[in-house]
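What follows is a short report on a single structure.
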Amino acid sequence: MMEAKEACGVFGVYAPARSVAHLVFDGLYALQHRGQESAGMAVSDGDAITVMKDMGLVTTVFDERKLSGLRGHLAIGHTRYSTAGSSDWVHAQPAYRGVGRAGFGLAHNGNLTNTAALVERAGMLPGLVSSDSDLVAELLAQTYPPEGVTDLLPAEEDLEQALRSVLPALEGAFSLVLMDADRIIGVRDPNGFRPLCLGRLDATDRLEQGWVLASESPALDVIGATFIRELEPGEMVVIDAKEVRSERVFPEERVDPKLCVLEFVYFARPDTRLYGTEVHGARRRMGQLLATQAPVTADLVMGVPESGVPAAEGYAVASSIPYGQGLVKNRYIGRTFIAPTQAERANGVRRKLNPLRENIRGKRLVVVDDSIVRGTTTRAMVTMLREAGAAEVHLRISSPPFRWPCFYGIDTPDRNELLAADRTIGEIAEFLDVDSLEYLTLCHLIEAIDAPGAGFCDACLTGSYPVPVPVALVERAALSGVGRGLEG
Ligand code: SF4
């Protein structure tokens, strides 16, 4: 059970004559798994930009009355997961700057690694910067609109020019969706840590063609858009009334594809396509390779709902051990139900999962899960299975051990809270009270994803960070946790 948290979903649509607010609502609803703390959207009718955002799920923040009042031809949206200590309205996105036609909105998924330098560049007081998104918006606002331009004098390409000026200064992970009065813009950082894709709404008898940007492809499917392609790392795509144009805005030497490998393991929806691969199929193959790599004699293969299930199916097929359900998940528990203390976290497992005793009793179980972070919830689950009568519990994890914190947009616990940080597999097995424990190797994980030649970030598994992380940030992560600062 992945206890690290996603950090945001972004969405944008350019679709004259359609209800863009409803389209954003549906898109964000499809991206709800990426962040459940706040939701928001900004809509332009060509004269003014209206921003609406609040704490809560997409369905809590928006209703039919609000959506009907948000009229325009383009819009962007955001759904957010915050980090500890930064859970309030001021961090909800989109960020907005400017006035009238000279305004712009910004939605961000990721985490910048050079915020100190950027805060200095912006001339802001560090304590007054509420988030990475706010910082980038401020940097853009200082460049856009240029001095002397008012809302009565629309400047055709100012937001693009501001981005060309500001983007090369950003380091770390950032998939951005921006808008001004007349266009939406998608940007992916030169490593492409977080996903971002482009889709098209086909023209009908009544409606002209529209365009969509989204963190994950199911957000296109839900509004009837056709998946066109993933944005390339380092690419900026501008969509307006004239065209869809693509531009490279980072020096070529910085472009080095490093998509987060854990998007395939856990973060992305199973029906999402990344690197041309549907995530669900990759997860099944992870289970198949895990069965080859770590076989065991057992009576039943079961997955930990829900993200462990596809790998469990794959394990069962490859091992010829029957697949069955051993745990039922309370579907009304949010995906990020994380209690603040270890004890409460363990109790939280009972709220979330309940064993199917007749399926489990007397059986030697292969229990397949996607990951172990702190291990507290996994240990509580193993106890639950043993109390339900399991004869043996063999735990198989469809990813390598999570040993290092993430600095690229995923909120992870302190390194000293990561179960595998400095423990051997035997010590972890003992802590979890399982009869055997095996993790999928990194080689097998990459083989399962089946995207030859593709580049991945695997820093939280290997400690090899593709973009340098400031020493101060690393020290803070080791001592008191990461993700307490600026994120989107
Ligand atoms: S450090 Fe881990 S979670 Fe973060 S981007 Fe890299 S692979 Fe993903």
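No lab work stands behind these numbers, since they all come straight from the coordinates. None of the values given here were measured: they were computed from a predicted structure. Cβ sites come from the backbone with ideal geometry, for glycine too, and all protein chains shown count toward neighbours.
Over the range 9-258, one equal point on each Cα, no solvent: what is log10 I(q)/I(0) by the Debye formula at q = 0.09, 0.11, 0.12 Å⁻¹?
Ignoring solvent entirely, the Cα scatterers give -0.34, -0.51, -0.62.
If R0 is 30 Å, what FRET efficiency do you get for residue 253 and residue 443 from their C-beta distance, rounded to 0.05?
Values: r = 28 Å, r/R0 = 0.94.
E between residue 253 and residue 443, to the nearest 0.05, is 0.60.
Could you compute the net charge surrounding residue 41? Neighbours are other residues with a C-beta less than 10 Å from the C-beta of residue 41; K and R count +1, D and E count -1. Mind dumping the intermediate values first?
Working: positive: 53, 66; negative: none.
Spelling it out: positives minus negatives among the neighbours equals +2.
What is the gain in length, in nm to one decimal, between residue 280 and residue 357 on full extension, counting 0.36 nm per residue of separation less the C-alpha to C-alpha distance?
On the way: separation 77, 0.36 × 77 = 27.72 nm, distance 2.78 nm.
Length difference between fully extended and current span is 24.9 nm.
Return the calculated 222 nm mean residue ellipticity for the chain, to the nearest 500 deg cm²/dmol, obtained by summing -39500 (n - 2.57) across DSSP H runs with n ≥ 4 and dividing by the residue count.
Values: 16 runs with 135 residues, N = 488.
That calculation yields -7500 deg cm²/dmol at 222 nm.
So which DSSP H runs in the chain come out at 27 Å plus along the axis (Cα) with average Kyte-Doolittle of at least 0.0?
Working: long enough: none.
Both cut-offs are met by no helix.
Considering only 185, 124, 464, whose Cα is most displaced toward the positive end of the charge dipole of the chain, charges sitting on Cβ of Lys, Arg (+1) and Asp, Glu (-1)?
464
Can you sort 351, 34, 183 from fewest to most other Cβ atoms within 10 Å of each residue's own Cβ?
Values: 351 13, 34 27, 183 21.
Neighbour counts put them in this order, fewest first: 351, 183, 34.
With each pseudo-label sitting 7 Å past Cα toward Cβ, what's the residue 117-residue 54 distance in nm, one decimal?
A separation of 4.1 nm, rounded to one decimal place.
Could you tell me which of 19, 33, 55 has its Cα farthest along the dipole of the range 1-137 towards the positive end, charges placed at Cβ (Lys, Arg +1; Asp, Glu -1), taken about the Cα centre?
19
Compute the distance in nm between two label points, each set 7 Å from the Cα along the Cα-to-Cβ direction, one at residue 325 and one at residue 387.
About 2.1 nm, to one decimal.
Taking the Cβ of residue 70 as the centre, find all other residues whose Cβ is under 12 Å away and add up their charges (Lys, Arg: +1; Asp, Glu: -1). Could you put the intermediate results ahead of the total?
Values: positive: 53, 65, 66, 71; negative: 45, 63, 64.
Computed value for this residue: +1.
Using 7 Å Cα-to-Cβ label points, what is the residue 435/residue 124 separation (nm, one decimal)?
Modelled inter-label distance: 5.5 nm.
Work out the charge dipole of the range 279-465 with +1 on the Cβ of Lys and Arg and -1 on the Cβ of Asp and Glu about the Cα centre, then indicate which of 405, 439, 359 is farthest towards its positive end.
Comparing the listed Cα positions along the dipole, 359 ranks first.
Less than 14 Å Cβ to Cβ from residue 280, Lys/Arg counted +1 and Asp/Glu -1: what total charge do the surrounding residues give?
Details: positive: 269, 273, 283, 284, 285; negative: 216, 221, 263, 271, 278, 306, 313, 370, 450.
Around residue 280, the charge tally is -4.
Kirkwood Rh over alpha-carbon pairs of the chain, then Stokes-Einstein at 20 °C and 1.002 mPa s: what D in µm² s⁻¹, rounded to an integer?
Working: Rh = 23.1 Å.
Roughly 93 µm²/s, to the nearest whole number.
Mind counting lysine pairs for me in the chain? Cα separation below 24 Å, and the two need to be 8 or more apart along the chain or on different chains.
Values: 5/53; 5/258; 5/329; 5/352; 53/66; 329/352; 329/363; 352/363.
Here the count comes out as 8.
So how strong a dipole does the chain carry about its Cα centre when Lys and Arg Cβ are +1 and Asp and Glu Cβ are -1, to the nearest 20 debye?
Details: 48 positive and 64 negative charges, 290 e Å.
Value, rounded to 20: 1400 debye.
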